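I have placed the structure first, in the form of structure tokens, so that the comments after it can refer back to it.
The values are calculated or read from the model by the stated rules, or taken from the named source; none is laboratory data. Predicted model, so just to flag it, every value in this text is computed and none were measured. FYI the Cβ positions are ideal-geometry reconstructions off the backbone, even for glycines, and counts take in every protein chain you see.
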Amino acid sequence: MFFKIKKSKPDTIIQKTEREIKLKKDVLDSILSFCQIKHPNEAILILRGKSKKGNVLIDGLVIPPFAFNAHASSGFPHYMLPADISYVGTVHSHPIGNPSPSITDLNNFYELISLIVGFPYGDKDIFAWDSNGNAVKLTII
Ligand SMILES: [Zn+2]
């Protein structure tokens with residue numbers, strides 16, 4: 001990418017193509033098997049990684065403390081989490097299949113990125129979303 005982002009641009013205009021999420025293959029495999037184990041309940045994990053100018057590299061997972069899993073919703077109290085700069089977002093499963101973020105998901109958005117895995121939790125069933133519910137490019141590395 002050679003074009004520069006103009007500083008004069010209002011913050012509200014963020015082109016989704018400017019962002020890219022990279023996910024390590026071994027992390028993807030761990031996420032998919034965790035979702036399969038939790039099915040038909042929702043699974044939720046914290047994503048660890050590095051971010052630079054909206055681009056995120058996900059290279060690890062953390063099981064959230066005090067996570068609860070129920071059929072229709074999963075989550076954890078954000079205030080219980082340490083402020084750890086290596087936390088870049090969360091991943092959770094949608095056992096009903098549709099990998100789009102729900103209103104609840106957007107209201108509980110945590111850090112930079114939300115990954116959602118839809119049933120049946122295959123390599124192509126995982127999608128990345130920003131806090132506005134816009135799809136973000138996800139690359140497996
Ligand atoms: Zn959800």
Selection count, region 68-77, where residues are surrounded by fewer than 17 Cβ atoms within 10 Å (Cβ to Cβ) and either modelled with pLDDT of 90 or more or of a type in the set (A, V, I, L, M, F, W, C) (or both): 3
Lone unmet requirement of (1) modelled with pLDDT under 95; (2) at positive phi for TYR121: (1)
Of all residues making up region 84-120, the number that are outside any loop (DSSP other than H, G, I, E, B) and within 12 Å of the ligand (Cβ to nearest atom): 15
Residue match in region 19-41 (condition: away from the ligand (no atom under 16 Å from the Cβ) and at pLDDT below 90): yes
